[in-house]
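This report refers to the structure that appears directly beneath it.
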Amino acid sequence: MITMRIKDMFFDRHVVIAAVDNAKRKVLSKAGAFIRTAAKTSIRKRKGSAPPGAPPHSHEGSLRRLILFGYDKPNDSVVVGPVGFKKSEAPNVLEHGGDTVVFRRLGGRGGKLTSQKVKIAPRPYMAPALEKERPKLPLLWRNSVRKG
């Protein structure tokens with residue numbers, strides 16, 4: 001027969017909560033980085049418009065450059081997407097489709113600037129990036145909280 005006694009065992013709640021919070025932040029930040037990278041690499045530098053349903057083409061690089069991620073502590077989540085487009089709905093219209101105003105210069109560089117309302121078919125880039133990375137996300141949690 002085996003007898004076993006455990007004396008003076010305690011559960012330090014604050015240490016455990018801090019370790020879990022730290023691990024959660026690290027894992028969600030890694031997930032955000034993976035999704036951001038997948039979205040950025042799906043946008044290729046090409047002339048002309050991308051076909052509907054495919055990720056948009058990059059002409060000068062601002063959409064790719066402005067896809068960022070951040071850990072949202074109050075909501076225990078990570079936010080990934082384009083930022084910095086003041087008064088522009090272009091990233092949202094590209095992702096989901098819809099109506100927008102397009103500006104064109106007639107007659108080259110010095111020509112008259114005109115605007116035209118157009119309907120844009122969806123050219124998703126964020127949702128496919130999430131779906132591409134989704135199978136990898138549970139693996140990020142493996143061994144995320146380690147003993148002190």
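Read-outs throughout are calculated quantities, based only on the coordinates presented, and are distinct from any laboratory measurement. Values in this document were obtained by computation on a predicted structure and should not be read as measured data. Positions of Cβ are backbone-derived with ideal geometry, glycine not excepted, and every protein chain shown enters the neighbour counts.
With each label modelled as a point 7 angstrom along the Cα→C-beta vector, the D99-E60 pair spans 2.7 nm.
As a calculated quantity, the FRET efficiency between T41 and V79 at R0 = 22 Å, using C-beta atoms, amounts to about 0.70. Please build a GNM for the chain, connecting alpha carbons under 10 Å apart, and tell me which residue among N75, N22, N92 fluctuates the most. The residue with the greatest mean-square fluctuation here is N75.
Could you tell me which of rounded, prolate or oblate describes the range 57-148, using a ≥ b ≥ c as the square roots of the eigenvalues of the alpha-carbon gyration tensor, with rounded for a/c under 1.5 and, failing that, prolate when a/b is larger than b/c and oblate otherwise? Prolate shape, in that a/c is at least 1.5 and a/b is the bigger ratio. Residues whose amide H comes within less than 5 Å of that of S77, counting only those at least five positions distant or on another chain, are D72 (H built at 1.01 Å from N in the peptide plane). Report the label-to-label distance for W141 and R25 in nanometres (one decimal), using points 7 Å from each Cα along the Cα→Cβ vector. Taking the simple label geometry, W141 and R25 are separated by 2.0 nm.
Which loop-located GluC sites (Glu not before Pro) does the range 19-112 contain, where loop means any DSSP state but H, G, I, E or B and the Cβ has at most 10 other Cβ atoms within 10 Å? Before the final figure, lay out each step's value.
Numbers: sites: E60, E89, E95; in loops: E60, E89.
Listed in order of number, the matching sites are E60.
Using a Gaussian network model of the chain in which every pair of alpha carbons under 10 angstrom is joined by a spring, one finds that among K40, K112, K132 the greatest mean-square fluctuation is at K112.
Among the trypsin sites (Lys or Arg not before Pro) in the range 48-108, those placed in a DSSP loop whose Cβ has at most 13 other Cβ atoms within 10 Å are K86, K87. Applying a DSSP loop filter and a limit of 15 other Cβ atoms within 10 Å to the chymotrypsin sites (Phe, Trp or Tyr not before Pro) in the range 53-144 leaves F85, W141.
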